[in-house]
Amino acid sequence: MYCPNCNSENNDSAKFCKKCGTPLKKEVSHKKIINSINDEKSSKDDITKYIIIALIIIAIALAGAFAYIGFGNHNDDGQTQVQNNASSSPNPVQSTQSSQPQQSSSAQSAAMDILGGSFSTGSSLSAKTYASIYVGSQHSGEKVIIQIKYSRDGSSLNNGNMVPKTVDSSGYINVKSADSFKYYPDFAEINLFDTNKNLLDTQSVSLSPDSSTQTF
């Protein structure tokens, strides 16, 4: 160690200069200073590395958590969509059943035709005219509306009222005229309707203009 005052060399352990008595300060070698700085820098570098590693681990953990949550939501949305589609999609069996037309009384009457019958003009002009219209025993019990217009030499004898009737067990619709006629009719127009007044069948019948029972 050298004295800062007289530059005399002294022992490293000396507290005062042996020549001039100047108090000596223990010098720290340049190497020790560098080593100390390096140690401090190394320590700081280690801390920085630890911080960076910790941040990387935290980032990876957060990314994994977000990915898991996102995947779970995606599955939930997909499952919900499938359930919604399943609930909104019509049952094919039910759709087929609902799309099939149900046979109503009108639909049954739609297949009804006038197959024949008879007219009875009575024994005198004061008697009413009777008609028995045959539509088939398969229609027994069905309700219909029937209209019969009578005429003689092209002149109408009645108004042709529409009368509700029920087919009897033998398949006949029996109708009598509302009034007696001034003349025996020579023509009859039969119109058959369902209960909604949809025309099912119509038939024209020529009659003998006298008192008799006539079939067609």
Review point. Quick one: is Ile173 in contact with a Gly (Cβ under 9 Å, 6 or more places away or on another chain), under 12 Å from Tyr150 (Cβ atoms) and of a type outside the set (Ser, Thr, Tyr)?
Key: no
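Conditions tested, residue by residue: (1) farther than 12 Å from Thr121 by Cα; (2) of a type in the set (A, V, I, L, M).
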| position | (1), (2) |
| --- | --- |
| Ile146 | yes, yes |
| Leu157 | yes, yes |
| Ser169 | yes, no |
| Lys182 | no, no |
| Ile190 | yes, yes |
| Phe193 | yes, no |
| Leu207 | no, yes |
Exercise for review: Give the number of residues within region 156-177 that are surrounded by fewer than 12 Cβ atoms within 10 Å (Cβ to Cβ) and small (Gly, Ala, Ser).
Suggested key: 2
Exercise for review: Restricting attention to strands (runs of 3 or more DSSP E) lying wholly within region 130-215, give those where 3 or more residues are without any contact (Cβ under 8 Å) to a residue 60 or more places away in the chain.
Suggested key: 130-134, 143-152, 162-166, 172-176, 187-193, 199-206
Practice item. All but one of (1) surrounded by fewer than 17 Cβ atoms within 10 Å (Cβ to Cβ); (2) of a type outside the set (A, V, I, L, M, F, W, C); (3) closer than 24 Å to Ser212 by Cα; (4) at pLDDT below 95 hold for Asn84, so report the exception by its number. Key: (3)
Exercise for review: Mind counting the residues in region 142-155 that are surrounded by 16 or more Cβ atoms within 10 Å (Cβ to Cβ) and of a type outside the set (A, V, I, L, M)?
Suggested key: 6
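The values are calculated or read from the model by the stated rules, or taken from the named source; none is laboratory data. Just so it is clear, the structure is predicted and the values come from calculations on it, not from any experiment. Every residue, glycine among them, receives a Cβ derived from its backbone with ideal geometry; neighbour counts consider all protein chains shown.
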